[in-house]
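Written below as structure tokens is the structure these notes are about.
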Amino acid sequence: MERLTITTRSHEEMVDITSAVQEVVSRSGVRDGMCCIFAPHTTAGVTLNENWDPDVRHDLLVSLDDMAPASPQHRHAEGNSPAHVKASLCGSSAIVFIEDGRLQLGRWQGIYLAEFDGPRRRQVWVKVVSA
Amino acid sequence: MERLTITTRSHEEMVDITSAVQEVVSRSGVRDGMCCIFAPHTTAGVTLNENWDPDVRHDLLVSLDDMAPASPQHRHAEGNSPAHVKASLCGSSAIVFIEDGRLQLGRWQGIYLAEFDGPRRRQVWVKVVSA
Amino acid sequence: MERLTITTRSHEEMVDITSAVQEVVSRSGVRDGMCCIFAPHTTAGVTLNENWDPDVRHDLLVSLDDMAPASPQHRHAEGNSPAHVKASLCGSSAIVFIEDGRLQLGRWQGIYLAEFDGPRRRQVWVKVVSA
């Protein structure tokens, strides 16, 4: 398992970590297997989505904001409950297959750390399993 | 890893792929392990949900529509941002355990390709790992 | 694969299963690998979120209620479509890495069975894979 450190710059942000994850796969020497990407956080998650038009990431954050706004019924004193909700909606991990030493992603897919309560120093943990 | 091709028929649709995934498991010869199902798309996902009453799939699509409608704040020119959002909400992969060569699902669970921007030709990638 | 039985007490509830999952890992003897946690249900899911302030779990349930309310467009006769939707939003499984025989979680992360249609007897299936 490798630990990557990611510095986020905004309160909410989708950080493309595809290349960093591919580097872990390459270092592992695994040609055929699976890669698991894990965010050890409760106000950030991991998701796969479009790697081409940055507007898609913008729109994803907009929709998540609309879906999970601050609520008068929220009790958590830190005031960041929407970020916790979004982390569970995206999930804390993703799995990508490996063939010939390369992550097998769809043509438009990238791997993202989804920051919902930044800016912060975040970690992403990556494990490569041989099949 | 096997690549399945799925032709979706509607703009939004839950396609039951449980039997097709079980066939991959059977062909693999693996008796005890894990099966990972991956959608290499950014406007379709994979989810497990009820395999009995088709109304549940209908209701899931209705609720996702209500949750992630088109928004005037969306910028993506293709106009399918809600489909991208729903793909991240469902996630791009699912994991199911294997015992005695069979997918271990709950009594009411089926495996679905969740199409949010069809109809299209889609792929589902399946990998079986021996434990 | 081990099958844990969890009795939920409320209609909606986040049950902390971290210790129970760690016990499965310890019993397995695996020092380095991955643990997969699976809920064989369609109205309950598995998610990772804050293990410290119980208000976060409360707020997560509140937000999911707001996000996926009962709708006049729902057709499922059992009337629990919101629970099915929330199960797909959280997902049916989670993955956590193992090092030195311990689940590798972030400082604030716990593993939860998310009950959306209780109280009921639920199962959580846990599989530990050596890496």
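With runs of 4+ DSSP H residues as the only contributors, calculate the mean residue ellipticity of chain C at 222 nm using -39,500 (n - 2.57) per run, divided by the residue total and rounded to the nearest 500. Walk me through the numbers before you get to the answer.
Values: 3 runs with 35 residues, N = 131.
My calculation for chain C gives -8000 deg cm²/dmol from helical runs alone.
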**Request:** Over both sides of the C-B contact, add up the buried accessible area with a 1.4 Å probe and give it to the nearest 100 Å².
**Result:** 2500
**Asked** Does the range A:58-123 come out rounded, prolate or oblate by the C-alpha gyration tensor, with a ≥ b ≥ c the root eigenvalues, rounded set by a/c under 1.5 and, if not, prolate when a/b is larger than b/c and oblate if not?
**Response** prolate
**Proportion of all alpha-carbon pairs of the range C:2-130 beyond 26 Å (%)** = 23
**Message:** Only four residue types carry charge here, +1 at the Cβ of Lys and Arg and -1 at the Cβ of Asp and Glu. Report the dipole size of chain A about the Cα centre in Debye, rounded to the nearest 20.
**Reply:** 520
**Request:** Could you tell me how many degrees, from 0 to 90 and to the nearest 10, lie between the Cα long axis of helix A:54-67 and the main elongation axis, the longest principal axis, of the Cα atoms of chain A?
**Result:** 40
**Asked** Quick one: with all protein chains in place, what share of the accessible area of chain C is carbon or sulfur, to the nearest percent (1.4 Å probe)?
**Response** 45
**Fill in**
With the full set of protein chains present, the residues of the range A:85-119 whose 1.4 Å probe accessible area falls by 40 Å² or more relative to the chain alone are A:Val85, A:Ser88, A:Leu89, A:Ile95, A:Phe97, A:Glu99, A:Gln104, A:Gln109
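What number comes out for accessible area per residue over chain B if the probe is 1.4 Å? Units Å², please.
Working: 5150 Å² over 131 residues.
Counting only protein heavy atoms, the per-residue value for chain B is 39 Å².
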**Residues with amide H under 5 Å from that of C:Asn51, placed H, sequence gap 5 or more** = C:Gln109, C:Gly110
**Fill in**
Listed residues C:Met67, C:Met34, C:Met14; largest mean-square fluctuation, Gaussian network over chain C with Cα springs below 10 Å, found at C:Met67
**Complete:** Measuring from the longest principal axis of the C-alpha atoms of chain B, the long axis of helix B:81-90 (C-alpha) lies at a number of degrees, nearest 10, equal to 30
**Request:** Mind pulling the angle between the C-alpha long axis of helix C:18-28 and the longest principal axis of chain C? Nearest 10 degrees, somewhere in 0 to 90.
**Result:** 40
**Request:** Would you count, across the protein assembly as shown, every pair of lysines whose alpha carbons are under 23 angstrom apart, provided the pair is eight or more residues apart or spans two chains?
**Result:** 6
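Near A:Asp16, within a Cβ-to-Cβ distance under 11 Å, what is the net charge of the other residues, with Lys and Arg +1 and Asp and Glu -1? Each step should come with its number before you reach the end.
Details: positive: A:Arg57; negative: A:Glu13, A:Glu50.
Once all neighbours under 11 Å are counted, the net charge is -1.
Can you bin the protein assembly as shown into rounded, prolate or oblate? Criterion: square roots of the alpha carbon gyration tensor eigenvalues sorted a ≥ b ≥ c, rounded for a/c under 1.5, prolate for a/b above b/c, oblate for the rest.
Details: a/c = 1.12, a/b = 1.12, b/c = 1.00.
In terms of gyration-tensor shape, rounded.
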**Message:** Could you check the spin-label model distance between C:Asp16 and A:Gln123? Points 7 Å from the Cα along Cα→Cβ, value in nm.
**Reply:** 2.0
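The values are calculated or read from the model by the stated rules, or taken from the named source; none is laboratory data. Quick caveat, the model's predicted, so the values are computed rather than measured. Neighbour counts are summed over all protein chains in view; Cβ atoms, including those assigned to glycine, are modelled from backbone coordinates with ideal geometry. Calculation scope for accessible area: heavy atoms of the full protein, side chains included, ligands and nucleic acids excluded. Shrake-Rupley method; radii C 1.70, N 1.55, O 1.52, S 1.80 Å.
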